[in-house]
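**Q** Sending over a structure as structure tokens; questions will come in a sec.
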Amino acid sequence: MRVRPATAADNEKLIAIEKTTPQGGQIQLVSERKDYFFRAKKFADPIFFVAEDEEEDMILGIMGVGPVLVQLDGKARRGGLVFDWRSNPLAQKGLPRHMLRLWQAVHREILRRELDFLFGYVKEDNERSMGIITRYGAQVVESKDFLTMPLHARFCRRPREVDKVSFTASPDEEQERKAVEAAFGSLDLFPDQKQREATGRERERYLFGKFSLRGSSVKVWDTTDEYTQRVLNIPRLFKLARPIVKAGSKLLPLPHIPELGEEIKVWQLFDLVLEDPADLDPLLERVRQAAVEKGIHYLVITLGAGDRGYEQVAKKAWVRPRYHLFALPLKDVPLPKPPTYFDVTYL
């Protein structure tokens, strides 16, 4: 067994591993990427290693860390976002030795880069991963809900208000920088603007646009050309109801129940600013209309209980997968304090 940096030649093997690690219980989805490295490419100089069995020609495990400059307690700190940390389920049960070797190799590189702390997001029910990271000293500092909203019904029945919502595909960069900093710049994990040059192209690539109403706004992140999810299982009741719902949806606004094997397309909303709580419904409705035109099935926005607008949006969410934000100080730095900023580029 050896641990080495991942290369483009590993792409097909890594994609195959992801297809064998579906998420969820009764509702089970498997992620599909065209380019497994599309997350790693969002960082200027990522750490991305694999552990492999050379004799079997098999990748055993994967781990990535994206170096980012973020705010922590009012100061710019060098953080490392842990991503794509997974073991090949065909390799070994329990806590495999290769995952420890992988962590040790990545940790050496983290220390060489002189990062101040690590952080990442782990699904609430992923007890195995939580056990590993807490064993190394990480602590859970906040929870974020991926508030998921279907598009079967209108969010707003005031057409005149919806018509007031404007759309900008490419917001002015300097104006947007100031607006985002004014709204979220005081939060821990807010990205330092000095690194925009390194991540700017990736931000532009997936930004669908910004929807605005008076002083309120929300943006849309669209990675459907790179990353989709396929349905492997749904509850039996949903399976039985699907033909009835499909027929009834021709007359009534009923939610979309996917078939097994069907591809699900999602838009991620981010940077929600609500000057007036009443602006939320017209904003969401205008986004919904654009999403339906593009064949999108669901809208998702990631918020914690302490984030502005959480209670309003949560009432509209049908599903709320919860992820824990963990942090591991590597130097004498404080833990992030909630509410923290969720950077959509980490998805």
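The values are calculated or read from the model by the stated rules, or taken from the named source; none is laboratory data. Since we're looking at a predicted model, the values are computed, not measured. Note: ideal-geometry Cβ built from the backbone for every residue, glycine included; neighbour counts use all protein chains shown. For the accessible areas, the whole protein counts, side chains as well, though only heavy atoms, and no ligand, DNA or RNA atoms are used. Shrake-Rupley method; radii C 1.70, N 1.55, O 1.52, S 1.80 Å.
**Q** Anyone know which of GLU174, GLU124, GLU204 comes out most mobile in the 10 Å Cα GNM of the chain?
**A** GLU174
**Q** Taking the solvent-accessible surface of protein heavy atoms with a 1.4 Å probe, what is the per residue accessible area of the stretch 12-65 in Å²?
**A** Solvent-accessible surface per residue comes out at 45 Å².
**Q** Report the chymotrypsin sites (Phe, Trp or Tyr not before Pro) located in the stretch 32-140 that are in a DSSP loop and have at most 15 other Cβ atoms inside 10 Å of their Cβ, or state none.
**A** Numbers: sites: TYR36, PHE37, PHE38, PHE43, PHE48, PHE49, PHE83, TRP85, TRP103, PHE117, PHE119, TYR121, TYR136; in loops: PHE43, TYR136.
Loop-located and lightly packed - TYR136.
**Q** Restricting to Cα pairs below 8 Å that are 6+ residues apart, what does the relative contact order work out to for the chain? Please round to a whole percent.
**A** Reported relative contact order: 26 percent.
**Q** For the stretch 15-142, what is the convex hull (Cα atoms) projected area averaged across all directions, in square nanometres?
**A** Value for the stretch 15-142: 9.1 nm².
**Q** Go through LYS210/LYS239; LYS42/LYS239; LYS41/LYS331; LYS13/LYS219; LYS294/LYS316 and tell me which ones have a Cα-Cα distance over 31 Å in this structure.
**A** LYS210/LYS239; LYS42/LYS239; LYS13/LYS219, as the Cα separations exceed 31 Å there.
**Q** Which value, in debye to the nearest 20, describes the size of the charge dipole of the chain about its Cα centre when Lys and Arg Cβ atoms bear +1, Asp and Glu Cβ atoms bear -1, and nothing else is charged?
**A** Roughly 760 debye for the chain.
**Q** Loop only by DSSP, 15 or fewer other Cβ within 10 Å of the Cβ. Give me the GluC sites (Glu not before Pro) in the stretch 256-324 that pass, ordered by residue number.
**A** Qualifying residues, ordered by number: GLU259, GLU262, GLU275.
**Q** Using the Karplus equation 6.51 cos²θ - 1.76 cosθ + 1.60 (θ = phi - 60°), what ³J(HN,Hα) coupling, rounded to whole Hz, does each residue of the stretch 283-291 give in order, writing x for Gly and Pro?
**A** Whole-Hz 3J(HN,Hα) from phi for the stretch 283-291: 4, 4, 5, 5, 5, 4, 4, 5, 5.
**Q** Moving on to the next point. I'd like the distance separating the alpha-carbon centroids of the stretch 218-263 and the stretch 122-195, in whole Å.
**A** 23 Å
**Q** Can you give me the accessible area per residue for the stretch 233-276, using a 1.4 Å probe, in Å²?
**A** Counting only protein heavy atoms, the per-residue value for the stretch 233-276 is 63 Å².
**Q** In deg cm²/dmol, rounded to 500, what helix-only [θ] at 222 nm does the chain give when every DSSP H run of at least 4 residues adds -39500 (n - 2.57) and the total is split over its residues? Present the calculation step by step, with values, prior to reporting the outcome.
**A** Working: 9 runs with 94 residues, N = 347.
Taking each H run of at least 4 residues, the total per residue is -8000 deg cm²/dmol.
**Q** Let me ask something additional. Under 13 Å from the Cβ of VAL141, count the other residues' Cβ atoms, weight Lys and Arg +1, Asp and Glu -1, and hand me the total. Present the calculation step by step, with values, prior to reporting the outcome.
**A** Details: positive: LYS144, LYS337; negative: ASP73, GLU142, ASP188.
That sum, taken over residues with Cβ under 13 Å, equals -1.
**Q** At most 11 other Cβ atoms within 10 Å and a DSSP loop assignment: could you name the trypsin sites (Lys or Arg not before Pro) in the stretch 152-243 that fit?
**A** Those that pass, being in a loop and sparsely packed, are ARG157.
**Q** Send over the semi-axes of the chain's equivalent ellipsoid, whole angstrom and largest first, taken as the square roots of 5 times the C-alpha gyration tensor eigenvalues.
**A** Calculated on Cα positions only, the semi-axes equal 34, 27, 17 Å.
**Q** Based on alpha-carbon centroids, what's the gap between the stretch 5-68 and the stretch 267-324 in Å, whole number please?
**A** Comparing the Cα centres of the stretch 5-68 and the stretch 267-324, I get a distance of 29 Å.
**Q** Could you tell me the calculated FRET efficiency between SER249 and ASP332, based on Cβ-Cβ distance and R0 = 51 angstrom, to the nearest 0.05? Numbers along the way, then the final one.
**A** Values: r = 57 Å, r/R0 = 1.13.
Efficiency at R0 = 51 Å is approximately 0.35.
**Q** Of all the accessible heavy-atom surface of the chain, with the other protein chains kept in place and a 1.4 Å probe, what percent is carbon and sulfur? Provide the component values of the computation, followed by the final result.
**A** On the way: 8750 of 17630 Å².
Carbon plus sulfur share of accessible area: 50 percent.
**Q** A follow-up question, please. Please find the FRET efficiency linking LYS41 to THR20, where r is the Cβ-Cβ separation and R0 is fixed at 22 Å, and quote it to the nearest 0.05.
**A** So, using R0 = 22 Å, E works out to roughly 0.45.
**Q** 7 Å from Cα along Cα→Cβ at both GLU32 and ALA314: what's the point-to-point distance in nm?
**A** That separation, rounded to one decimal, is 3.4 nm.
**Q** So between LYS294 and ARG214, what do we pick up on full extension, going 0.36 nm a residue minus the alpha carbon distance? Write out the running numbers ahead of the final one.
**A** Details: separation 80, 0.36 × 80 = 28.80 nm, distance 2.54 nm.
The LYS294-ARG214 span can extend by a further 26.3 nm.
**Q** Run the simple label-point estimate for ASP276 and ASN126 please: 7 Å along Cα→C-beta, distance reported in nm.
**A** That separation, rounded to one decimal, is 4.1 nm.
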